[in-house]
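The values are calculated or read from the model by the stated rules, or taken from the named source; none is laboratory data. It should be emphasised that the depicted structure is a prediction, and the values quoted were computed from it without experimental measurement. Cβ placement follows ideal geometry from the backbone for every residue including glycine, while neighbour counts extend to all protein chains displayed. We work out accessible area using only protein heavy atoms, side chains counted, and drop any ligands, DNA or RNA first. Shrake-Rupley method; radii C 1.70, N 1.55, O 1.52, S 1.80 Å.
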Amino acid sequence: MVRISDVAKLANVSTATVSRVLSNSGNVKKTTEKVLEAIRKLNYQPNMLARQLRKLETKTILVVVPDITNTFFSKVLRGIEHVAIENDYEVLLGDTGNNIERESGYLNILRQRKADGMILLTARLESHVLEEIASEFPVVLACEYLEGSTIPTVSIDNISSARKATEYLIHLGHRRIGFISGPLNVILSRDRLKGFRQAMAQHGIPVESFLVQEGDFSFESGYNMMMKFLALDQPPTAVFASNDEMAIGR
């Protein structure tokens, strides 16, 4: 059976773009022609039953977080629930525990029509998986994001923010600065490390490899990485921890 992702691949567009063409929601003419040509070549037949089912409402929003024990996410959840309640919606919480398989499993809640849409505070699945589910249901990425994705996203500029934080330490006179990153399979961690390196490079300060340690955003990893720094003959004079929990742990 030909799927919407097959059409997207042939037309070299996202599945969300194919969905917009099918719903006639004002795409660029050239893009629309590419998608329609792909549909003709593949003889793609949209699932009209699924479309009708999507019109039913559960008045529930699924919110998926990577780690509910992280106080940052609890504050974000409070804000989401506040707005949801104002609009007569309920929030269904899914905690992945930083497990990609569990993150994937929560997508079935949408497929089973147990929620009207989803807010993902984690985005560690392959991009084509998230693009495909976003073409079928309302999805918003928050905090983490996908590079080049068309999925609506709410995030901050972690590179610029990390660069500014590092420059603050440099302006205080520090040159030997330790950096505790989050897990580097997470895009936010890579962005913060990139900002740190940019600031150091702009000020002509070399980054010694053992002064960059990978944590996991937990108190314990902040403490353990700090112990590594303190064991050095020349420990750093300042440390940039990539989140509050690791900063407190150190």
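At least 1 residues being at pLDDT 80 or above and either at negative phi or open to solvent by 30 Å² or more (accessible area, probe 1.4 Å) (or both) is the threshold, and among the helices (runs of 4 or more DSSP H) wholly inside segment 8-67 those reaching it are 15-22, 29-42. If you go through segment 208-250 and pick out every residue that is of a type in the set (Val, Ile, Thr) and touching a Gly at 6+ places or on another chain (Cβ under 6 Å), you end up with 1. Being without any contact (Cβ under 8 Å) to a residue 12 or more places away in the chain, among the β-branched types (Val, Ile, Thr), out of contact with any strand residue (DSSP E or B) (no Cβ under 9 Å at 6 or more places or on another chain) and more than 17 Å from Ala247 (Cβ to Cβ), is that true of even one residue in segment 158-176? Looking for residues that are without any contact (Cβ under 8 Å) to a residue 12 or more places away in the chain, among the β-branched types (Val, Ile, Thr), out of contact with any strand residue (DSSP E or B) (no Cβ under 9 Å at 6 or more places or on another chain) and more than 17 Å from Ala247 (Cβ to Cβ), one finds none in segment 158-176, hence no.
Have a look at Ser181, Ser189, Ser209 and point out the one that is free of Cβ contacts under 8 Å to residues at least 12 places away in the same chain and either open to solvent by less than 10 Å² (accessible area, probe 1.4 Å) or over 18 Å from Ser155 (Cβ atoms) (or both). Only one candidate qualifies: Ser209. How many of the residues making up segment 211-224 are part of a loop (DSSP other than H, G, I, E, B) and within 13 Å of Ala247 (Cβ to Cβ)? So the count comes out to 3.
Of all residue pairs spaced 6 or more apart or on separate chains, those with beta-carbon atoms under 6 Å, a first member in segment 60-86 that is more than 19 Å from Pro138 (Cα to Cα) and a second member that is of a type outside the set (A, V, I, L, M, F, W, C) are Pro66/Thr96; Pro66/Asn98; Pro66/Thr122; Asp67/Asn98; Ile68/Asp95. Taken together, the residues in segment 147-159 that are assigned to a loop (DSSP other than H, G, I, E, B), within 30 Å of His203 (Cα to Cα) and not polar (S, T, N, Q) amount to 3. Name every residue in segment 160-182 that is of a type in the set (Val, Ile, Thr) and assigned to a helix (DSSP H, G or I), in order of residue number. Within segment 160-182, Thr166, Ile170 meet the criteria. For segment 193-204, state whether one or more residues are in a loop (DSSP other than H, G, I, E, B), out of contact with any strand residue (DSSP E or B) (no Cβ under 9 Å at 6 or more places or on another chain) and closer than 28 Å to Ile80 by Cα. Looking for residues that are in a loop (DSSP other than H, G, I, E, B), out of contact with any strand residue (DSSP E or B) (no Cβ under 9 Å at 6 or more places or on another chain) and closer than 28 Å to Ile80 by Cα, one finds none in segment 193-204, hence no.
Can you find, within segment 190-214, the residue that is nearest to Ile100 (Cα to Cα) among those that are small (Gly, Ala, Ser) and at pLDDT 95 or above? Taking the candidates together, the pick is Gly195.
Residues that are under 26 Å from the mean Cα position of the chain (by Cα) and either part of a loop (DSSP other than H, G, I, E, B) or without any contact (Cβ under 8 Å) to a residue 24 or more places away in the chain (or both) within segment 225-250 comprise Ser242, Asn243, Arg250, listed in sequence order. What about Ser149, is it among the small types (Gly, Ala, Ser), open to solvent by 10 Å² or more (accessible area, probe 1.4 Å) and touching a Lys or Arg at 6+ places or on another chain (Cβ under 9 Å)? For Ser149, the condition - among the small types (Gly, Ala, Ser), open to solvent by 10 Å² or more (accessible area, probe 1.4 Å) and touching a Lys or Arg at 6+ places or on another chain (Cβ under 9 Å) - is not met. Condition test on Glu136, is it at pLDDT below 90, open to solvent by 50 Å² or more (accessible area, probe 1.4 Å), more than 13 Å from Phe240 (Cα to Cα) and not β-branched (Val, Ile, Thr)? Taking the combined requirement at face value, the residue satisfies it.
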